[in-house]
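Working notes, structure below.
Where a number appears in this text, it was derived from the coordinates with a stated rule and is not lab data. What you see is a predicted model, and the numbers here were worked out from it, not measured in a lab. Using ideal geometry, Cβ is built from the backbone for each residue, glycine included, and neighbour counts are taken over all protein chains shown.
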Amino acid sequence: MSELEDKWNEVIRRAETTDALFCIFKTRGGKTQFFASKESQLSNYAPNTDGFILSSFEENELNMIHNDISFNLDSEVDVAHFDEYIKLRKKLKPTSEKDSSTSEKAYKQSFDIVMQKLQTKEATKIVLSAKQNIETKKSAFDIFSNIASKDSYEFAYLLHLPTGETWIGCTPEILLKKRSESYSTISLAGTISNDGKQQWHEKEIREQQVVTDYITERLTGIEANISVGTTYSKAAGMIQHLCTDISFTSSESLSSLIKLLHPTPAVLGYPTSTALSTIKTAESHKRELYSGVVGFQSSSKGEADIFVNLRCGKLHQNSITLFAGGGIMPDSTEENEWNEVQMKFKSIRKSFFE
């Protein structure tokens, strides 16, 4: 780390012990952006405001961090400005909270509940998630800088909330890119290793097609002018997914389109109502921001970049809880799905720490 990076690392560490509301983020090939809000809580989504957009999986309500104060990570002066900002924030008591990991036994119990719904044909796909808590002394800024330097994901972010929560993520999944009234999205599902030793099988192909069909069906309902590309393999760290690019035009609002599409079967399953109720029964943990929405909008430019929050973690004092999941199909096996989730955890750890 450079001397300037060390200074940012120190001041951001101190900011994490306050009720500061700030975010640092970067799109693939883009510049890092860093801003903070003067507010002491998240705001409701506002269409004509520049800011960071987020929602949790459980609530699925759009919130914002307004771009009240911008900072430049290359500026010595801005380190001092950010320091002044956090001095005005309320200090929080640090917690030694340590989360638990999903055990293989617990995963199997959840898998059995999901499989019952699939075998009775109440659903064709259900996404099952898991948690992995690992000890780390790395700071949030260290982890984010490591991810951003690789530039191998569509979106990397560091997010601190007034509750004291710090989240970090590097997602491969675009939900919506807005440029005036032109939009693009992707259908992303199916997972294999990126080592060239595995081939796509019928299970992954069908899993991804469910997502493509869902998105196009939803967009057809609002009479969007849709263009669907061919399916290809999309690398994301040490794993890859099947991906189909979809573009369309619409006069609908950004928030309406987010609610129209999210959550897709890529993180939920199909039919969505059955999948959601099954997930609530099968999963013993809350997903929180995992598989929710993160991104940002520039209302003055008529642009927005919105992503599904995958490959993410919630920091604790001396550990981080990682979240990952996979789509369960009628022909899935518990062993294969457990191994896939472990492969995703390994990919996250590599992106965060190596």
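A few notes on this one:
- Dimensionless Rg ratio for region 133-271, taking C-alpha atoms and the 2.2 N^0.38 Å reference: 1.18
- Over the residues of the chain, the helix contribution to mean residue ellipticity at 222 nm works out to -10000 deg cm²/dmol, using -39500 (n - 2.57) for each DSSP H run of at least 4.
- Applying Stokes-Einstein at 20 °C and 1.002 mPa s to the Kirkwood radius of region 185-235, computed over alpha-carbon pairs, gives a translational diffusion coefficient of 174 µm² s⁻¹.
- Taken over region 40-144, the convex hull of the Cα atoms encloses 193 Å³ per residue.
- Pairwise centroid distance, computed over Cα atoms, of region 121-158 with region 1-74, Å: 17 Å
- Cα coordinate range in region 226-353, projected on the principal axes (Å, largest first): 44, 40, 31
- Computed from label points 7 Å out along Cα-Cβ, the spacing between GLN198 and SER70 is 4.1 nm.
- In this calculation the C-beta distance from GLU39 to SER227 is compared with R0 = 30 Å, giving a FRET efficiency of 0.15.
- Relative to its residue count, region 2-49 spans a Cα convex hull of 111 Å³ per residue.
- Using only Cα coordinates, the Kirkwood hydrodynamic radius of the chain works out to 20.7 Å.
- Spatially close lysines, pair count over region 1-127: Cα under 18 Å, gap of eight or more or interchain: 7
- Gaussian network model of the chain, Cα within-10 Å springs - most flexible of VAL77, VAL294, VAL308: VAL77
- Our summary gives region 104-353 a relative contact order of 33 percent, counting only alpha carbon pairs under 8 angstrom and 6 or more residues apart.
- With N the number of residues in region 55-105, Rg(Cα) / (2.2 N^0.38 Å) evaluates to 1.81.
- A Förster distance of 30 Å, applied to the separation of the beta-carbon atoms of GLU165 and SER251, puts the FRET efficiency at 0.25.
- Residue-count net charge about LEU289 - beta-carbon cut-off 13 Å; Lys, Arg +1, Asp, Glu -1: 0
- Choice from LYS93, LYS259, LYS138 showing the highest fluctuation, given a GNM over the chain with Cα pairs closer than 10 Å: LYS93
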